[in-house]
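First comes the structure, then the notes that go with it.
The values are calculated or read from the model by the stated rules, or taken from the named source; none is laboratory data. These numbers come from a predicted model, not from an experiment. Cβ: placed from backbone, ideal geometry, glycine included. Neighbour counts: every protein chain shown. Remember, those area values only see protein heavy atoms, side chains included, never the ligands or the DNA or RNA. Shrake-Rupley method; radii C 1.70, N 1.55, O 1.52, S 1.80 Å.
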Amino acid sequence: MGFSKKSLSILILLSIHIFGVEKAWSAPDFFSPRPAADLARELVSSMNDTELLGQVFMLGYFGRTPSPETLRWIGEKKIGGIKIFGWNAENLRDLTRSITMLQQEATETRLSIPLLIATDQEGGWVRHVKGETSITPGNMALGATALPYDSYYTGYYIGDELRRLGINMNFAPTVDVYSNAEAHVIGPRAFAEDPVLTANLALAYYQGTRDAGVIATAKHFPGHGSATEDSHGTLPLISTSWETLWERDLLPYRILVKNGVPAIMSSHLAFPDIVDQQTPASLSPFFLKDIIRDKLGFQGMVITDDMRMHGVLQNSNDIPEACLQAIEAGNDMIMISHDHQIHQEVWDRLYTELQKNSSFRQDLERSVERILRIKLEYLRGEEAAPLFPDQQELGPNFLVNGENDFFFNQACRSVSVIRDGLLPFEDDGRSILLAGQLNTFLRIGKEFFPGADTFHFPYSPFYQAEEEEEARLLRAARSYDTIIYLLANPNSAEVLHSLERLDKEIVVLSVLTPVYLTELPWIDTALAIYGTGRDSFYAGFAALTGMIPAYGEVPIRALRAFQGKQH
């Protein structure tokens, strides 16, 4: 007896249901070797609304291990990424166990799409993943050597460490052009004041990160280097013409986009002279569509800076509405650091919009296709960051690829003479006081000058000194012939001013950005070392005592005017 077409269809559907063929037919294999662009389109077309919306979320979590709520969001909401903050990454064993848990949850979903696991490991000042990872001299040290070789291997070694930990995306390089000495939140995170040098070093850094198998993210678009305020706490208003922005701040992005950088981070900065309103660039279709997509031709993914920062909430505390505006303006992914109640409010707002707004649905589909293409390009194959990192690689043998020697040599190459009055400095029996805010400086200084005494004062508050600290140092310094002083921030610059009235030898070792020396013209002996790790301090004291030459060129024009000359 034959079957009618209707009966045959019912039998086929029953067999699909019983034997699980429906899942195989409807779910493309993420790990198949098919071209990324083709597979990304097919994955998007196979997604339901929850899977589609989930991919644009990058969330953070509190503590050293992800909460059950975080894991539930991955399993149920199919979110696209997790941001690793410093509080998640103090212990590398806990971190790798957490990443394994996160990726297991993601790959057990219907489409088995892995998470982007991202962090801020710029090098130097910003190092969210600590433990046994490298402490590098930082971007401004790279600017001082001006060697793409140094920048390439910095990106490579940092990327390789992250990859072995299971972190597949780095929010670096920072390509902000350091055009304003008052841009304290950027400072040593910038390569240089020169946009061409910045572009060349950023390109090398990105290429090193790429060759390590990690997704590089250029930031903070369109440029934080001239902002006098911190977008974490407020919305910086930057008075810059379009011509200046194009030739200066956007030059690194123009170079990076042409060379295939996969991701860009949009920043919470307003440019009222360009867009006649106080809208942050992160919510601006002009910057994210007209400039990034149309003018620069960028085909990669754009991710917001943290949507809990006050810079994006200056005119409203409505985070869900800001996240909706961010997607509509042209961001592909929204980062929200923590608080699942906020996450849920954002989800509800975007899901409601997805149900009723076909234009928003199209925006999401385009964004998710870009996200998936980047994932497919970087998260498949033997060279990809492991989804389940091997804990046997951790511990004292974690740095096994030459990182230690490279970063020490790079620190030595970057030491810059600002004023050479007492160089090389010899310990000829004079009484010496080592004064500074960082214990590493004091400890290593004692190795070079065993007879010296030390004076420690607090690093905070960052922007100003306490009068009692100035008075305390002044009293202590009167008993010594020479003060070797660590200049690290505006606080320490103010404290240093109090020593001008003394008839003493003052030797300054500057870390991070040396711009504060421009306000201290009476200092006649000063070196810049940029980083705050052991390598940088050993290099600085070695140059101070004449053990190594100081060949670095400080990448700030205002300091180059008198670099290496006596006062």
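General remarks:
- The one condition in (1) open to solvent by 50 Å² or more (accessible area, probe 1.4 Å); (2) free of Cβ contacts under 8 Å to residues at least 60 places away in the same chain; (3) not in a helix (DSSP H, G or I) that Glu105 fails to fulfil: (3)
- Boolean, Tyr459 is closer than 24 Å to Phe191 by Cα, in contact (Cβ under 8 Å) with a residue 12 or more places away in the chain and in a helix (DSSP H, G or I): no
- Per this entry, Leu433 is not counted among residues that are in a loop (DSSP other than H, G, I, E, B), surrounded by 18 or more Cβ atoms within 10 Å (Cβ to Cβ) and more than 34 Å from the chain's Cα centre (by Cα).
- Screening Leu235 against (1) in contact with a strand residue (DSSP E or B) (Cβ under 6 Å, 6 or more places away or on another chain); (2) touching a residue at least 60 places away in the same chain (Cβ under 8 Å); (3) not in a loop (DSSP other than H, G, I, E, B) leaves a single unmet condition, (3).
- Candidate set from region 436-456 (those that are part of a loop (DSSP other than H, G, I, E, B) and touching a strand residue (DSSP E or B) at 6+ places or on another chain (Cβ under 8 Å)); member that is most open to solvent (accessible area, probe 1.4 Å): Gly451
- Region 403-422, residues that are open to solvent by 10 Å² or more (accessible area, probe 1.4 Å) and either in contact with a helix residue (DSSP H, G or I) (Cβ under 7 Å, 6 or more places away or on another chain) or in a helix (DSSP H, G or I) (or both): Asn404, Asp405, Phe406, Phe408, Asn409, Cys412, Arg413
- Members of region 72-102 found to be open to solvent by less than 10 Å² (accessible area, probe 1.4 Å) and free of Cβ contacts under 8 Å to residues at least 60 places away in the same chain, listed by number: Ile74, Ile79, Ile82, Asn88, Ala89, Ser98, Leu102
- Output for region 362-401, where each listed residue is free of Cβ contacts under 8 Å to residues at least 60 places away in the same chain and open to solvent by less than 70 Å² (accessible area, probe 1.4 Å): Asp363, Gly381
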